[in-house]
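The values are calculated or read from the model by the stated rules, or taken from the named source; none is laboratory data. Computed from a predicted model, the values in this text were never measured in an experiment. Virtual Cβ from ideal backbone geometry, glycine too; neighbours counted across all protein chains shown. Ligands, DNA and RNA are excluded from the accessible area calculation, which covers all protein heavy atoms including side chains. Shrake-Rupley method; radii C 1.70, N 1.55, O 1.52, S 1.80 Å.
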Amino acid sequence: MTVAEMLAEKPANEVYPDAPAIRFENVSIGFDGKSVLEDISFEVKRGETRILLGPAGVGKSVLLKLANGLIKPDSGKIFVFGFEVSAMREQDLYKLRDIIGTVFQEGALFDSLTVRDNVGYRLTDEHVPEAEITERVTEALRFVELEHTLDKLPSQLSGGMRRRVAIARAIITKPSLLLYDSPTGGLDPITSTTIIELVVKQRDVYKTSALLVTHRLQDAFTMVSHQFNKETNSMEPLPDHQNDPKTSFLVLHQCRLVFDGSTHDLVASDDPFIKEYLS
Amino acid sequence: MPIASLDTTAKKGVAAVQDYSLLSARALGNLFRRPFYYADLVNQADLIGVGSLPIVILTGFFLGGALALQSSATLSQFGAAAFTGQLVSFSMIKEIGPVITALMVSGRNASGMASELGSMVVTEQIDAMRALGTDPLKKLVMPRIVSTIVMLFFLTILSDAVGILGGGCVAVFMLGQDASQYLHNAYQSLRFADIAQGLIKPLIFGFVLSTIGCYYGMNTRGGTQGVGRATTQAVVVSSVLIIASDFIIIRLMIGLFGR
Ligand SMILES: Nc1ncnc2c1ncn2[C@@H]1O[C@H](COP(=O)(O)OP(=O)(O)OP(=O)(O)O)[C@@H](O)[C@H]1O
Ligand SMILES: [Mg+2]
């Protein structure tokens, strides 16, 4: 059976039920002769959220684009829900991406479309009736508390609002895997917390697998130490200084993955770079 | 060292031609694969076709007039001013109409395509589109190519007609020639080969200018400066290719029809 036939038969995440959400095997990539990532291997299990840390320019965005099949590695293999994205045809990737939501570093909203058309882009593509699109877009925007911006253009929004619209666009079809590229980058602490709350909600309410890049350590630790309470519809600290067991860390440094493990191990690590990074 | 850089330059050139051919082939291969972006096609056709009407009509009219003035001066030296109509219609239909219309549309739309797609590349909107499961070659490139080819075809016919009209105005009102003689002359001498040449050219020019515009747009690198560079290159390269392919088409048509 070809990949295309498998993808036509059932949702991509059910084809290989035992495969992890993401798996990197000895992946390397470089641009213009300069190596960016070398021999990267890790896994994101289903339902897990992994936080990717690293200094600016180390290749975090490149890693997310690799996971999405937007760029191909020079060597190594990348699997998403068991499909080898590093060797798939572009047409099949389009189908696989139906179950992947991506939030780009700068939002990457379509600047000539309204917020409604941006968020409802996938639904329009699937020829969902207009009334239903409006309804579902409003619902997704309510999730990010922006339902009043429906008819605005992205240029009329603030940076934080754009980021939240980008999140709404990524989650509207309830994807099984979310890739967030610095969703809180360059934002004030209050807006950042709002966005982190959304991410935690996605993790605890919908149990979505996720790979999240961030520069802000405090955001990462908020995610680890909080849970989403459905009754109060807000984020609250886990009791007794517990850490969320489904959230763990990856650290990139000088092209390599220097850390892969739990919050506890990260804080206890005696790698000099990690110590300095965390301080 | 110069040998080595020659080597990489050659490789880059080959790679660019390969990328360009792949982009054109994949965009057109999408023509028959679902979903079909009908709305985008109509939108582009409107932008390219209707939007270019004024500039095509104006340039066509004045070029026809200019041709009539120039040729009647030369023809009257041989006492053949009566053939002005024939010369204007020949030149307009076979050469000036198709080439000038294509150059005008290239200045307007190849640049437009390159800058629009280029901005989408540098702001990651193209990546976002791919991440949302839409093929940008199908949604953005294919409608541009198809609507340019179709619209340029009709714009060229219009330009030809307006040019002959402009030449006629000059012949009648400024040179004092007889209107019916001018018109009779203008179409009597036309053969199938002349019309065919005039109608094949816009199809090829439309393909060239739209694929070049989209190619430079989709391959934009390096921020806003890159967008500017892509736009300029798209116009320059498509203009040169239009004129070069014009020459090749003429040679082929002479080989085929003997005129
Ligand atoms: N398309 C590309 N062409 C050439 N080089 C690239 C490309 N994309 C990324 N790079 C290079 O790869 C390196 C890593 O880039 P990347 O954007 O992944 O960094 P990052 O870790 O996301 O940084 P930041 O934290 O600032 O977002 C950079 O040195 C960049 O120059
Ligand atoms: Mg980045």
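Can you find a residue that is within 16 Å of ligand 2 (Cβ to nearest atom) and in a helix (DSSP H, G or I) anywhere in segment A:164-184? Within segment A:164-184, one or more residues are within 16 Å of ligand 2 (Cβ to nearest atom) and in a helix (DSSP H, G or I).
Pairing residues of segment A:206-230 that are within 14 Å of chain B (Cβ to nearest Cβ) with residues that are open to solvent by less than 10 Å² (accessible area, probe 1.4 Å) and more than 16 Å from ligand 2 (Cβ to nearest atom), at Cβ distances under 7 Å and at least 6 apart in sequence or on separate chains, gives A:L211/A:I22; A:L211/A:V44. The requirement of being among the hydrophobic types (A, V, I, L, M, F, W, C) and within 14 Å of chain A (Cβ to nearest Cβ) is satisfied by B:V141. Taking each residue of segment A:44-67 that is farther than 18 Å from A:P245 by Cα and looking for partners that are among the basic types (K, R) and within 14 Å of ligand 2 (Cβ to nearest atom) with beta-carbon atoms closer than 7 Å, six or more apart or interchain, yields A:G54/A:K60.
So is A:A21 more than 14 Å from chain B (Cβ to nearest Cβ), within 16 Å of ligand 1 (Cβ to nearest atom) and under 25 Å from A:V199 (Cβ atoms) or not? Working first, answer last.
Working: more than 14 Å from chain B (Cβ to nearest Cβ): yes; within 16 Å of ligand 1 (Cβ to nearest atom): no; under 25 Å from A:V199 (Cβ atoms): yes.
No; evaluated as a whole, the condition is false for this residue.
Restricting A:D18, A:D39, A:D32, A:D117 to those that are out of contact with any strand residue (DSSP E or B) (no Cβ under 9 Å at 6 or more places or on another chain), at pLDDT 90 or above and of a type in the set (D, E) reduces the list to A:D117.
Please determine whether any residue of segment B:154-168 is part of a helix (DSSP H, G or I) and farther than 17 Å from B:V56 by Cβ. Full working, then the answer.
First pass over segment B:154-168, keeping only residues part of a helix (DSSP H, G or I): B:154-168.
Keeping just the survivors that are farther than 17 Å from B:V56 by Cβ gives B:168.
For segment B:154-168, residues part of a helix (DSSP H, G or I) and farther than 17 Å from B:V56 by Cβ: present.
Apart from one condition, A:G159 fits all of (1) open to solvent by 10 Å² or more (accessible area, probe 1.4 Å); (2) within 16 Å of ligand 2 (Cβ to nearest atom); (3) more than 14 Å from chain B (Cβ to nearest Cβ); the exception is (3).
May I ask you to verify whether B:R144 is in contact (Cβ under 8 Å) with a residue 60 or more places away in the chain and open to solvent by less than 50 Å² (accessible area, probe 1.4 Å)? Against the criterion (in contact (Cβ under 8 Å) with a residue 60 or more places away in the chain and open to solvent by less than 50 Å² (accessible area, probe 1.4 Å)), B:R144 qualifies. For segment A:102-122, filtered to residues that are surrounded by fewer than 20 Cβ atoms within 10 Å (Cβ to Cβ) and within 11 Å of chain B (Cβ to nearest Cβ), the residue that is farthest from A:Q156 (Cα to Cα) is A:Q105.
Within segment A:228-255, the residues that satisfy the criterion of being surrounded by 17 or more Cβ atoms within 10 Å (Cβ to Cβ) and in a strand (DSSP E or B) are A:F228, A:M235, A:T247, A:S248, A:F249, A:L250, A:V251, A:L252.
Suppose we filter segment A:55-70 for residues that are in contact with an Asp or Glu (Cβ under 9 Å, 6 or more places away or on another chain) and either more than 9 Å from ligand 2 (Cβ to nearest atom) or within 14 Å of chain B (Cβ to nearest Cβ) (or both); how many remain? Break it down into steps so the answer makes sense when it comes.
As a first pass, look at segment A:55-70 and keep what is in contact with an Asp or Glu (Cβ under 9 Å, 6 or more places away or on another chain): A:60-61, A:64-65, A:68-70.
Subset that is either more than 9 Å from ligand 2 (Cβ to nearest atom) or within 14 Å of chain B (Cβ to nearest Cβ) (or both): A:61, A:64-65, A:68-70.
Counting residues in segment A:55-70 that are in contact with an Asp or Glu (Cβ under 9 Å, 6 or more places away or on another chain) and either more than 9 Å from ligand 2 (Cβ to nearest atom) or within 14 Å of chain B (Cβ to nearest Cβ) (or both) gives 6.
Only one of the numbered conditions (1) within 14 Å of chain A (Cβ to nearest Cβ); (2) crowded, with 19+ Cβ neighbours inside 10 Å is not met by B:N185, and that is (1).
Which one is farthest from the other protein chains (Cβ to nearest Cβ), of the residues in segment B:104-133 that are in contact with a helix residue (DSSP H, G or I) (Cβ under 6 Å, 6 or more places away or on another chain) and of a type in the set (S, T, Y)? Looking at the filtered set, the residue picked out is B:S106. Scanning segment A:86-101 for residues that are in contact (Cβ under 8 Å) with a residue 60 or more places away in the chain and either at the interface with another protein chain (Cβ under 8 Å from one of its Cβ atoms) or of a type in the set (V, I, T) (or both) yields A:Q91, A:K95, A:D98, A:I99, A:I100.
Residue by residue, here is whether (1) within 25 Å of A:L64 (Cβ to Cβ); (2) without any contact (Cβ under 8 Å) to a residue 60 or more places away in the chain; (3) more than 16 Å from ligand 2 (Cβ to nearest atom) holds:
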| site | (1), (2), (3) |
| --- | --- |
| A:F104 | yes, no, no |
| A:F110 | yes, yes, yes |
| A:L113 | yes, yes, yes |
| A:R122 | yes, yes, yes |
| A:A131 | no, yes, yes |
| A:E135 | no, yes, yes |
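If we keep just the residues of segment A:24-52 that are assigned to a loop (DSSP other than H, G, I, E, B) and within 16 Å of ligand 1 (Cβ to nearest atom), which is most open to solvent (accessible area, probe 1.4 Å)? Looking at the filtered set, the residue picked out is A:D32. Hey, any hits in segment B:17-24 for a residue that's open to solvent by less than 20 Å² (accessible area, probe 1.4 Å) and touching a Gly at 6+ places or on another chain (Cβ under 8 Å)? Scanning segment B:17-24, I find no residue that is open to solvent by less than 20 Å² (accessible area, probe 1.4 Å) and touching a Gly at 6+ places or on another chain (Cβ under 8 Å), so the answer is no. No other residue among A:P55, A:P73 is within 16 Å of ligand 1 (Cβ to nearest atom) and open to solvent by 30 Å² or more (accessible area, probe 1.4 Å) apart from A:P55.
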